[in-house]
Amino acid sequence: VLLVTIGRLTMLRVALVAAIAASASAFSPSSFLPAHGLRTRASSSATGVRMSLEKYKEELRQTAAKIAAPGKGILAVDESTKTVGKRLQSIGVENSEAARQAYRGLLFTTPGLGEYISGAILYEETLYQNHADGTPFVECLKKLGVVPGIKVDTGLEALPGGDAIETWCTGLDGLLGRAQAYYKQGARFCKWRTVLQISANTPTALCQKEAAWGLARYARTCQEAGLVPIVEPEILMDGDHDLETTARIQEKVLAEVYKYLSENGVYLEGSLLKPSMTVPGADSKKPVKAEDIAKMTIQTLERTVPSAVPGITFLSGGMSEEEASVNLSVMNSIPRKGPWSLTFSYGRALQQSCLKTWLGKPENVKAAQEALLARARANSLANLGKYKAGMEKSLDKAGTFEAGYKY
(Lines give C-alpha, C1' and ligand atoms only; values in the text may rest on other atoms or scores of the structure.)
Protein backbone atom coordinates (compact mmCIF):
# COMPACT_ATOMS: atom_id res chain seq x y z
CA VAL A 1 0.00 0.00 0.00
CA LEU A 2 2.86 2.35 0.91
CA LEU A 3 4.58 1.70 -2.43
CA VAL A 4 1.36 2.37 -4.34
CA THR A 5 0.83 5.62 -2.45
CA ILE A 6 4.39 6.79 -3.16
CA GLY A 7 3.95 5.90 -6.81
CA ARG A 8 0.74 7.89 -7.04
CA LEU A 9 2.38 10.91 -5.39
CA THR A 10 5.29 10.74 -7.83
CA MET A 11 2.89 10.63 -10.78
CA LEU A 12 1.02 13.62 -9.37
CA ARG A 13 4.27 15.60 -9.06
CA VAL A 14 5.20 14.79 -12.65
CA ALA A 15 1.74 15.80 -13.84
CA LEU A 16 1.91 19.02 -11.82
CA VAL A 17 5.32 19.97 -13.29
CA ALA A 18 4.04 19.24 -16.80
CA ALA A 19 0.96 21.37 -16.19
CA ILE A 20 3.03 24.29 -14.92
CA ALA A 21 5.31 24.03 -17.95
CA ALA A 22 2.35 23.91 -20.30
CA SER A 23 0.76 26.86 -18.51
CA ALA A 24 3.96 28.87 -18.80
CA SER A 25 4.19 27.97 -22.46
CA ALA A 26 0.58 28.93 -23.00
CA PHE A 27 1.20 32.36 -21.52
CA SER A 28 4.52 33.01 -23.29
CA PRO A 29 4.39 35.86 -25.85
CA SER A 30 5.05 33.56 -28.78
CA SER A 31 1.94 31.46 -28.03
CA PHE A 32 -0.32 34.39 -28.89
CA LEU A 33 1.36 34.98 -32.26
CA PRO A 34 1.58 33.18 -35.58
CA ALA A 35 4.88 31.76 -36.81
CA HIS A 36 6.07 35.25 -37.81
CA GLY A 37 4.97 36.91 -34.57
CA LEU A 38 6.70 38.83 -31.85
CA ARG A 39 10.11 37.23 -32.23
CA THR A 40 10.25 38.14 -35.90
CA ARG A 41 9.08 41.66 -35.14
CA ALA A 42 11.67 42.11 -32.40
CA SER A 43 14.33 40.79 -34.74
CA SER A 44 13.24 43.04 -37.60
CA SER A 45 13.08 45.98 -35.19
CA ALA A 46 16.67 45.35 -34.15
CA THR A 47 17.73 44.94 -37.74
CA GLY A 48 15.76 48.06 -38.62
CA VAL A 49 18.39 50.12 -36.84
CA ARG A 50 21.14 48.26 -38.66
CA MET A 51 19.24 48.66 -41.90
CA SER A 52 19.63 52.47 -41.61
CA LEU A 53 23.39 52.06 -41.75
CA GLU A 54 23.06 49.70 -44.71
CA LYS A 55 20.92 52.29 -46.47
CA TYR A 56 23.60 54.99 -46.14
CA LYS A 57 26.74 52.86 -46.41
CA GLU A 58 27.73 53.73 -49.97
CA GLU A 59 26.95 57.41 -49.46
CA LEU A 60 29.03 57.44 -46.27
CA ARG A 61 31.95 55.84 -48.08
CA GLN A 62 31.77 58.33 -50.95
CA THR A 63 31.50 61.35 -48.64
CA ALA A 64 34.47 60.26 -46.52
CA ALA A 65 36.53 59.59 -49.66
CA LYS A 66 35.64 63.00 -51.09
CA ILE A 67 36.69 64.80 -47.91
CA ALA A 68 39.97 62.84 -47.81
CA ALA A 69 40.77 63.46 -51.50
CA PRO A 70 44.42 64.26 -52.36
CA GLY A 71 45.36 67.91 -51.82
CA LYS A 72 42.23 68.71 -49.81
CA GLY A 73 41.20 69.09 -46.19
CA ILE A 74 38.66 70.63 -43.82
CA LEU A 75 37.96 74.20 -42.75
CA ALA A 76 36.74 74.06 -39.14
CA VAL A 77 34.29 76.90 -38.47
CA ASP A 78 32.39 75.24 -35.64
CA GLU A 79 33.29 77.59 -32.81
CA SER A 80 30.45 78.29 -30.39
CA THR A 81 28.91 81.77 -30.32
CA LYS A 82 30.99 82.58 -27.24
CA THR A 83 34.26 81.40 -28.81
CA VAL A 84 33.73 83.12 -32.16
CA GLY A 85 33.05 86.20 -30.06
CA LYS A 86 36.61 86.01 -28.72
CA ARG A 87 37.92 85.85 -32.29
CA LEU A 88 35.89 88.89 -33.32
CA GLN A 89 36.86 90.77 -30.17
CA SER A 90 40.54 90.20 -31.01
CA ILE A 91 40.06 92.37 -34.12
CA GLY A 92 37.79 94.94 -32.46
CA VAL A 93 34.48 93.63 -33.83
CA GLU A 94 31.34 93.22 -31.73
CA ASN A 95 29.98 89.67 -31.34
CA SER A 96 26.61 90.20 -33.02
CA GLU A 97 24.68 87.88 -35.33
CA ALA A 98 25.26 90.35 -38.18
CA ALA A 99 29.04 90.29 -37.58
CA ARG A 100 29.11 86.49 -37.42
CA GLN A 101 27.04 86.34 -40.61
CA ALA A 102 29.37 88.78 -42.37
CA TYR A 103 32.50 86.86 -41.38
CA ARG A 104 31.14 83.46 -42.32
CA GLY A 105 29.79 84.90 -45.55
CA LEU A 106 33.31 86.08 -46.35
CA LEU A 107 34.65 82.55 -45.82
CA PHE A 108 31.92 80.69 -47.69
CA THR A 109 32.02 82.86 -50.82
CA THR A 110 35.80 82.81 -51.31
CA PRO A 111 36.35 82.11 -55.02
CA GLY A 112 38.34 78.94 -55.64
CA LEU A 113 38.15 77.71 -52.04
CA GLY A 114 36.88 74.32 -53.19
CA GLU A 115 40.18 73.64 -54.96
CA TYR A 116 41.82 73.14 -51.56
CA ILE A 117 38.98 72.66 -49.07
CA SER A 118 36.72 69.60 -49.32
CA GLY A 119 34.59 70.08 -46.20
CA ALA A 120 33.58 72.76 -43.69
CA ILE A 121 32.49 72.00 -40.12
CA LEU A 122 29.75 74.40 -39.03
CA TYR A 123 28.17 75.42 -35.75
CA GLU A 124 24.39 74.87 -35.58
CA GLU A 125 23.65 78.59 -36.01
CA THR A 126 25.68 78.63 -39.24
CA LEU A 127 24.04 75.51 -40.68
CA TYR A 128 20.69 77.32 -40.63
CA GLN A 129 22.02 80.78 -41.45
CA ASN A 130 21.86 82.64 -44.77
CA HIS A 131 24.34 84.88 -46.52
CA ALA A 132 23.48 88.59 -46.63
CA ASP A 133 22.10 88.06 -50.15
CA GLY A 134 19.63 85.45 -48.85
CA THR A 135 21.47 82.33 -50.06
CA PRO A 136 21.70 79.62 -47.38
CA PHE A 137 25.30 79.08 -46.31
CA VAL A 138 24.87 75.38 -47.06
CA GLU A 139 24.20 76.30 -50.70
CA CYS A 140 27.14 78.71 -50.78
CA LEU A 141 29.42 75.85 -49.75
CA LYS A 142 27.91 73.43 -52.24
CA LYS A 143 28.51 75.92 -55.07
CA LEU A 144 32.21 75.88 -54.13
CA GLY A 145 32.26 72.08 -54.08
CA VAL A 146 32.65 72.00 -50.29
CA VAL A 147 30.75 69.41 -48.22
CA PRO A 148 28.86 70.96 -45.27
CA GLY A 149 29.42 69.36 -41.86
CA ILE A 150 28.16 70.01 -38.35
CA LYS A 151 29.42 69.92 -34.75
CA VAL A 152 27.00 67.66 -32.85
CA ASP A 153 28.36 67.40 -29.31
CA THR A 154 26.96 69.76 -26.69
CA GLY A 155 30.20 70.53 -24.89
CA LEU A 156 32.43 69.35 -22.08
CA GLU A 157 31.52 68.94 -18.42
CA ALA A 158 33.46 67.88 -15.32
CA LEU A 159 33.81 64.08 -15.15
CA PRO A 160 32.34 62.67 -11.90
CA GLY A 161 34.81 60.18 -10.45
CA GLY A 162 37.69 61.48 -12.56
CA ASP A 163 40.54 63.81 -11.75
CA ALA A 164 39.74 67.48 -11.07
CA ILE A 165 40.98 68.52 -14.54
CA GLU A 166 39.12 65.80 -16.45
CA THR A 167 35.97 66.24 -18.51
CA TRP A 168 33.50 64.18 -20.49
CA CYS A 169 31.71 65.11 -23.71
CA THR A 170 27.92 65.52 -23.61
CA GLY A 171 25.30 65.28 -26.34
CA LEU A 172 24.23 61.65 -26.81
CA ASP A 173 20.67 62.30 -25.60
CA GLY A 174 18.50 63.07 -28.62
CA LEU A 175 21.48 62.79 -30.97
CA LEU A 176 19.80 60.61 -33.59
CA GLY A 177 16.92 63.06 -34.05
CA ARG A 178 19.28 66.03 -34.28
CA ALA A 179 21.52 64.20 -36.74
CA GLN A 180 18.53 63.39 -38.95
CA ALA A 181 17.50 67.07 -38.91
CA TYR A 182 21.06 68.15 -39.80
CA TYR A 183 21.11 65.70 -42.71
CA LYS A 184 17.81 67.13 -43.94
CA GLN A 185 19.33 70.63 -43.76
CA GLY A 186 22.22 69.54 -45.98
CA ALA A 187 24.98 68.38 -43.61
CA ARG A 188 26.78 65.22 -44.72
CA PHE A 189 29.40 64.78 -42.01
CA CYS A 190 29.76 65.66 -38.34
CA LYS A 191 32.21 66.13 -35.50
CA TRP A 192 32.33 65.21 -31.81
CA ARG A 193 35.27 66.54 -29.79
CA THR A 194 36.32 64.97 -26.53
CA VAL A 195 39.55 65.88 -24.76
CA LEU A 196 42.15 64.21 -22.57
CA GLN A 197 44.87 65.95 -20.62
CA ILE A 198 48.29 64.61 -19.68
CA SER A 199 49.57 65.18 -16.15
CA ALA A 200 51.12 63.11 -13.36
CA ASN A 201 47.70 61.55 -12.65
CA THR A 202 45.88 61.82 -15.97
CA PRO A 203 44.31 60.63 -18.10
CA THR A 204 42.67 58.21 -15.68
CA ALA A 205 41.35 54.88 -16.95
CA LEU A 206 37.82 56.20 -16.34
CA CYS A 207 38.34 59.30 -18.47
CA GLN A 208 39.96 57.29 -21.24
CA LYS A 209 37.12 54.77 -21.32
CA GLU A 210 34.43 57.48 -21.19
CA ALA A 211 36.07 59.31 -24.10
CA ALA A 212 36.41 56.17 -26.24
CA TRP A 213 32.92 54.83 -25.55
CA GLY A 214 31.26 58.22 -26.10
CA LEU A 215 33.01 58.61 -29.45
CA ALA A 216 31.90 55.13 -30.50
CA ARG A 217 28.24 55.69 -29.58
CA TYR A 218 28.25 59.06 -31.34
CA ALA A 219 29.85 57.61 -34.47
CA ARG A 220 27.41 54.73 -34.82
CA THR A 221 24.40 56.94 -34.07
CA CYS A 222 25.32 59.53 -36.69
CA GLN A 223 26.02 56.91 -39.35
CA GLU A 224 22.43 55.76 -38.82
CA ALA A 225 21.37 59.25 -39.95
CA GLY A 226 23.68 59.37 -42.98
CA LEU A 227 26.41 61.56 -41.48
CA VAL A 228 30.10 60.65 -41.74
CA PRO A 229 31.45 60.88 -38.17
CA ILE A 230 34.76 62.59 -37.48
CA VAL A 231 36.14 60.91 -34.38
CA GLU A 232 38.12 63.48 -32.36
CA PRO A 233 39.97 62.34 -29.22
CA GLU A 234 42.08 65.44 -28.65
CA ILE A 235 45.15 65.23 -26.44
CA LEU A 236 45.52 68.76 -25.09
CA MET A 237 48.91 70.48 -25.42
CA ASP A 238 48.73 71.64 -21.78
CA GLY A 239 51.65 70.44 -19.66
CA ASP A 240 55.41 70.01 -19.67
CA HIS A 241 55.52 66.34 -20.74
CA ASP A 242 57.87 65.22 -23.51
CA LEU A 243 57.14 63.81 -26.95
CA GLU A 244 57.56 60.19 -25.87
CA THR A 245 54.99 60.59 -23.09
CA THR A 246 52.42 61.97 -25.51
CA ALA A 247 53.06 59.07 -27.90
CA ARG A 248 52.64 56.45 -25.17
CA ILE A 249 49.35 57.88 -23.95
CA GLN A 250 47.95 58.67 -27.38
CA GLU A 251 48.63 55.12 -28.51
CA LYS A 252 46.58 53.75 -25.60
CA VAL A 253 43.76 56.21 -26.25
CA LEU A 254 43.49 55.44 -29.98
CA ALA A 255 43.65 51.68 -29.37
CA GLU A 256 40.71 51.94 -26.97
CA VAL A 257 38.77 54.21 -29.33
CA TYR A 258 39.02 51.72 -32.21
CA LYS A 259 38.18 48.80 -29.91
CA TYR A 260 34.86 50.44 -29.05
CA LEU A 261 34.22 51.59 -32.62
CA SER A 262 34.50 47.94 -33.59
CA GLU A 263 32.21 46.80 -30.77
CA ASN A 264 29.58 49.29 -31.93
CA GLY A 265 29.78 48.19 -35.57
CA VAL A 266 30.95 51.56 -36.88
CA TYR A 267 31.58 51.47 -40.64
CA LEU A 268 35.20 52.57 -40.77
CA GLU A 269 35.24 53.28 -44.52
CA GLY A 270 32.56 55.88 -43.83
CA SER A 271 34.38 57.60 -40.97
CA LEU A 272 37.34 59.94 -40.38
CA LEU A 273 39.75 60.46 -37.49
CA LYS A 274 40.71 63.89 -36.15
CA PRO A 275 43.60 63.47 -33.70
CA SER A 276 46.17 65.84 -32.30
CA MET A 277 49.60 65.53 -33.82
CA THR A 278 51.93 63.71 -31.44
CA VAL A 279 53.63 66.73 -29.91
CA PRO A 280 55.21 67.49 -26.52
CA GLY A 281 53.41 69.61 -23.93
CA ALA A 282 53.39 73.35 -24.54
CA ASP A 283 55.64 73.88 -21.50
CA SER A 284 58.14 71.14 -22.34
CA LYS A 285 61.76 72.28 -22.19
CA LYS A 286 62.94 69.49 -24.48
CA PRO A 287 63.29 70.82 -28.06
CA VAL A 288 61.88 68.75 -30.93
CA LYS A 289 62.05 69.10 -34.71
CA ALA A 290 59.21 68.78 -37.20
CA GLU A 291 60.80 65.49 -38.32
CA ASP A 292 60.57 64.12 -34.75
CA ILE A 293 56.89 65.04 -34.54
CA ALA A 294 56.19 63.52 -37.95
CA LYS A 295 57.90 60.21 -37.21
CA MET A 296 56.32 59.80 -33.78
CA THR A 297 52.86 60.72 -35.07
CA ILE A 298 53.07 58.21 -37.92
CA GLN A 299 54.36 55.50 -35.58
CA THR A 300 51.44 56.10 -33.21
CA LEU A 301 48.89 55.97 -36.03
CA GLU A 302 50.34 52.90 -37.69
CA ARG A 303 50.11 51.02 -34.41
CA THR A 304 46.46 51.85 -33.79
CA VAL A 305 44.42 53.10 -36.77
CA PRO A 306 42.93 50.50 -39.15
CA SER A 307 43.77 50.82 -42.84
CA ALA A 308 40.03 50.94 -43.67
CA VAL A 309 39.86 54.53 -42.39
CA PRO A 310 40.19 56.76 -45.51
CA GLY A 311 41.48 59.93 -43.88
CA ILE A 312 43.16 61.33 -40.79
CA THR A 313 42.38 65.03 -40.51
CA PHE A 314 44.64 66.63 -37.91
CA LEU A 315 43.57 69.43 -35.60
CA SER A 316 46.01 72.31 -35.20
CA GLY A 317 45.59 72.58 -31.42
CA GLY A 318 46.92 76.12 -31.11
CA MET A 319 49.95 75.73 -33.38
CA SER A 320 50.73 78.73 -35.58
CA GLU A 321 49.62 78.66 -39.21
CA GLU A 322 53.14 77.97 -40.46
CA GLU A 323 53.91 75.38 -37.78
CA ALA A 324 50.73 73.44 -38.56
CA SER A 325 51.47 73.48 -42.31
CA VAL A 326 55.15 72.55 -42.01
CA ASN A 327 54.51 69.69 -39.57
CA LEU A 328 51.83 68.25 -41.86
CA SER A 329 54.04 68.55 -44.92
CA VAL A 330 56.99 66.79 -43.27
CA MET A 331 54.66 63.98 -42.22
CA ASN A 332 53.57 63.52 -45.83
CA SER A 333 57.11 63.57 -47.17
CA ILE A 334 58.45 60.54 -45.27
CA PRO A 335 57.73 56.87 -46.10
CA ARG A 336 54.96 55.14 -44.15
CA LYS A 337 52.96 51.92 -44.18
CA GLY A 338 49.61 53.55 -43.34
CA PRO A 339 47.45 54.06 -46.47
CA TRP A 340 45.24 56.85 -45.13
CA SER A 341 45.32 60.45 -46.35
CA LEU A 342 47.09 62.58 -43.73
CA THR A 343 45.42 65.95 -44.06
CA PHE A 344 44.08 68.91 -42.08
CA SER A 345 40.97 69.96 -40.22
CA TYR A 346 42.17 73.36 -39.09
CA GLY A 347 40.24 76.22 -37.55
CA ARG A 348 42.56 78.80 -36.06
CA ALA A 349 45.50 77.70 -38.27
CA LEU A 350 43.45 78.52 -41.38
CA GLN A 351 41.70 81.66 -40.21
CA GLN A 352 44.11 83.82 -38.21
CA SER A 353 45.59 85.74 -41.17
CA CYS A 354 42.14 86.04 -42.70
CA LEU A 355 40.69 87.57 -39.51
CA LYS A 356 43.59 89.97 -39.04
CA THR A 357 43.25 91.13 -42.64
CA TRP A 358 39.46 91.57 -42.55
CA LEU A 359 39.15 93.62 -39.30
CA GLY A 360 35.39 93.74 -39.82
CA LYS A 361 35.66 96.16 -42.77
CA PRO A 362 33.77 95.51 -46.03
CA GLU A 363 36.59 97.03 -48.07
CA ASN A 364 38.95 94.34 -46.73
CA VAL A 365 36.83 91.34 -47.75
CA LYS A 366 38.73 90.54 -50.95
CA ALA A 367 42.14 90.76 -49.23
CA ALA A 368 40.86 88.61 -46.37
CA GLN A 369 39.64 85.99 -48.83
CA GLU A 370 43.06 85.99 -50.47
CA ALA A 371 44.64 85.42 -47.04
CA LEU A 372 42.32 82.46 -46.46
CA LEU A 373 43.17 81.05 -49.88
CA ALA A 374 46.89 81.38 -49.15
CA ARG A 375 46.63 79.22 -46.02
CA ALA A 376 44.29 76.77 -47.78
CA ARG A 377 46.88 76.43 -50.57
CA ALA A 378 49.66 75.97 -48.02
CA ASN A 379 47.85 73.08 -46.36
CA SER A 380 46.83 71.55 -49.67
CA LEU A 381 50.52 71.41 -50.57
CA ALA A 382 51.27 70.06 -47.07
CA ASN A 383 48.88 67.17 -47.66
CA LEU A 384 50.98 66.33 -50.73
CA GLY A 385 54.26 66.72 -48.82
CA LYS A 386 55.27 69.75 -50.90
CA TYR A 387 54.98 72.73 -48.56
CA LYS A 388 58.07 74.56 -47.33
CA ALA A 389 58.12 77.28 -44.67
CA GLY A 390 57.45 80.72 -46.11
CA MET A 391 55.87 79.60 -49.37
CA GLU A 392 52.64 81.38 -48.41
CA LYS A 393 52.11 84.54 -46.35
CA SER A 394 51.01 84.37 -42.72
CA LEU A 395 50.17 87.04 -40.14
CA ASP A 396 50.08 84.44 -37.37
CA LYS A 397 53.56 84.20 -35.90
CA ALA A 398 52.89 83.17 -32.31
CA GLY A 399 50.06 80.67 -32.69
CA THR A 400 46.86 80.62 -30.64
CA PHE A 401 47.49 78.10 -27.89
CA GLU A 402 45.13 78.47 -24.93
CA ALA A 403 45.43 76.33 -21.79
CA GLY A 404 42.35 74.15 -21.33
CA TYR A 405 40.96 75.31 -24.68
CA LYS A 406 37.17 75.08 -25.02
CA TYR A 407 35.11 75.65 -28.16
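The values are calculated or read from the model by the stated rules, or taken from the named source; none is laboratory data. Note that the structure is predicted; figures quoted are calculated from it, not measured. Note that we place each Cβ from the backbone using ideal geometry, even for glycine, and neighbour counts take in every protein chain shown. These accessible areas exclude ligands, DNA and RNA; they are computed on the full protein's heavy atoms, side chains included. Shrake-Rupley method; radii C 1.70, N 1.55, O 1.52, S 1.80 Å.
Here are the numbers for this structure:
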quantity	calculated
Estimated 222 nm signal from helices in the chain, with DSSP H stretches of n ≥ 4 weighted -39500 (n - 2.57), rounded to 500	-16000 deg cm²/dmol
Rounded to 5, the percent of DSSP beta bridges in the chain classed as antiparallel	10 percent
Ranking by accessible area, most exposed first, for Arg61, Arg178 with a 1.4 Å probe	Arg61, Arg178
Gain upon complete extension [Thr81, Ser333; 0.36 nm per residue less C-alpha separation]	87.0 nm
Set of the stretch 290-304 residues, backbone N closer than 16 Å to the point 7 Å along the Cα-Cβ line of Lys386	none
Arg248, Arg87, Arg217, reordered so the largest accessible area comes first (probe 1.4 Å)	Arg248, Arg217, Arg87
For the chain: relative contact order, % (alpha-carbon pairs under 8 angstrom, 6 or more apart)	17 percent
The stretch 353-359 - phi-based ³J(HN,Hα) in whole Hz, Karplus 6.51/-1.76/1.60, Gly and Pro as x	5, 4, 4, 5, 7, 5, 6
Of Gly171, Gly338, Gly92, the one that fluctuates the most in a GNM where the chain has Cα springs shorter than 10 Å	Gly92
Residue-wise HN-Hα coupling along the stretch 231-240, computed from phi with Karplus coefficients 6.51, -1.76, 1.60 (Hz; x: Gly, Pro)	8, 10, x, 7, 8, 4, 7, 4, x, 10
Mean projected area (nm²) of the alpha-carbon convex hull when the stretch 52-384 is viewed from all directions	15.7 nm²
Other-chain or far-sequence residues with amide H under 5 Å of Lys274's (modelled H)	Val231, Glu232, Thr313
Accessible area (Å², per residue) of the stretch 52-384, counting only protein heavy atoms and a probe of 1.4 Å	37 Å²
J(HN,Hα) series, the stretch 58-70, from Karplus relation 6.51 cos²θ - 1.76 cosθ + 1.60, nearest Hz, glycine and proline x	5, 5, 4, 4, 5, 5, 4, 5, 5, 5, 8, 5, x
The chain: most fluctuating residue of Phe189, Phe344, Phe137 per GNM, C-alpha cutoff 10 Å	Phe137
